[in-house]
Amino acid sequence: MNQRILSRGSGVRKRVSIRRNVAALSMPVLLSSLFQRLVSIVDIFMVGGLGAAAIAATGLGQLLIFVVMTVFWGLATGATVVIAHLWGAGRRLEARRAAFASLLFSALLAVAATLLGLFFGEDVARFMGASSDVMAFASDYIRLVFLYFAFTAGLNTLSAIMQGTGNTKTPMQAVILVNILHIVIAYPLIYGHYGFPRMGVVGAAYAINLSEMCGFIYLLVQALRKGYLKVGRPDLVLLRKVWNIGYPVALERIAQQSGQLFYSKFIIGYGTAAYAAHQIGLSIESLSFMPGAGMGIAASTLMGQALGARKIRRAHLSHTEALRLAILVMAAMALLFFCLPHQLIALFTSDAEVIEKGSVFLRLVAFAQVPLAISFVYAGSLRGTGDTHYVFLVTLIAMWGIRVLFSYIAAVPLHLSLYAVWGVFLIDWFFRAAAFAWRYQRRDLHSVTI
């Protein structure tokens, strides 16, 4: 009897310890994600005074960057998982070699991405249906953000490397630095205050570029100082492991972001005000992504470290605690979106039509919050086990077989309302939540090897 009580007490203490670990890892990630997303939100907010076309142009430029970032998110996830497994197994030197190889590969890919963006970015924006008034703003914005794209990619890769070691605070500090610099630089450059020329949307692009360059330099210095990188000849064997885990994530993000391009094309078809409302709504909704994304990265890191150390029970408990926290926080966000949509949209624009449409969007988004939380954490845990192929397949089916296909049917042959097209994403996220949960319940963690 006493032994059972002691065992139960030990189990409670372990849960509390894991809960603290999840919070300690996820809170900096949550704040990092929040501040990282705030860079884009602040741009949308600040150019709001220039009109709906400026908002739409800035949103288009950001969307193209997100599309190109798909490959780098894949590489970053592979680096996080491999480094977490090696770090958990006590193989620190190999982890540092994997980190350096990942960063070097990221630099090479960034050069290719910059060239693609410079030569084809405007063509893609036109393909999406951007009108001439939107393209008048979008052309220079797209060219400039791609010109400095290497700093965006490097910031993301270095953050992922540190997260794999369990250090989520330093990336948070870097992103906070980026946000402070961005706000300080963006406002005077956009509107021509404090002696600076009025540059409009171009000023927003310069602000992002300069602030992310400073953030990258800060993280690189910290990575070298803390010994996270083993500089030398890149270890191709470890890089292959990183890429084997990462490329399905890259394909997943490509499926997601390319699907978003087509989905956005359907939205643009309903007019500039509709797309501006969509873009503002996405900016606000992205705040609710942060808890789920933070818990998902924490689940992935803790899962990888626990499996690397062969602590299976700890891996399961880490997942459960991350899921619980994500659902609690995102359910609270759902209430906020449902109860105060007009007030939230009005923070970004005074256009009555944009506010009306955006409010409906946010109320629909409220119903997606819990399935989003479930999807983020289950997908994060699956990635931590190395099961990135399944996550890719589910994302491909959900985005193209549900969101794009159903949106096309609603918008083109059936000519349904904008709100019907928006409603399709609810089906998408409920499907993902169910598919990821089903897979995790059947995953044998004892057999996982990286």
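Nothing in this text is a laboratory measurement; each read-out follows from the coordinates by a stated rule. This structure is a prediction, so every number in the text was calculated from the model and none was measured. Positions of Cβ are backbone-derived with ideal geometry, glycine not excepted, and every protein chain shown enters the neighbour counts.
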*Cα-based Rg of the stretch 391-434 normalised by 2.2 N^0.38 Å, two decimals*: 1.15
_Cβ-placed point charges (K, R +1; D, E -1), dipole of the stretch 192-304 about Cα centre in debye, nearest 20_ = 420
*State the dimensionless ratio Rg/Rh of the chain (Rg: radius of gyration of Cα atoms; Rh: Kirkwood radius).*
0.97
*asked:* On C-alpha positions alone, give me the angle between the axis of helix 236-268 and the longest principal axis of the chain, in degrees, nearest 10.
replied: 30
*Sort out for me the Cα centre separation of the stretch 410-438 from the stretch 130-147, rounded to whole Å.*
29
*Short version: what are the Cα gyration tensor semi-axes of the stretch 146-198, square root of 5 times each eigenvalue, largest first, in whole Å?*
30, 13, 5
*Per residue, what volume in Å³ does the convex hull of the Cα atoms of the stretch 254-390 enclose?*
96
*For the stretch 268-313: Kirkwood Rh in Å [reciprocal of mean 1/r, alpha carbons]*: 13.2
*Overall Cα dimensions of the stretch 320-388 - principal axes, largest extent first, Å*: 48, 22, 16
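Just need the relative contact order of the chain here, percent rounded to a whole number, with Cα pairs under 8 Å and 6+ apart.
23 percent.
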*Set of lysines with alpha-carbon distance to K357 below 25 Å, sequence-local pairs under 8 removed*: K265
*How large are Rg and Dmax for the stretch 192-313 when only the alpha carbon atoms are used, in Å?*
20.7, 60
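Using only Cα atoms, what Kirkwood radius does the stretch 66-193 have, in angstroms?
One over the average 1/r among Cα pairs gives 16.5 Å for the stretch 66-193.
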*Quick one: angle between helix 418-441 and the longest Cα principal axis of the chain, in degrees between 0 and 90, rounded to 10, please.*
10
*Compute the Rg/Rh shape ratio of the stretch 328-368: radius of gyration over Kirkwood radius, all on alpha-carbon atoms.*
1.01
*Mind checking the dipole of the chain: about its Cα centre, +1 per Lys or Arg Cβ, -1 per Asp or Glu Cβ, Debye to the nearest 20?*
2600
*Starting from the eigenvalues of the Cα gyration tensor, five times each then square-rooted, give me the equivalent ellipsoid semi-axes of the stretch 343-450, largest first, whole Å.*
33, 17, 10
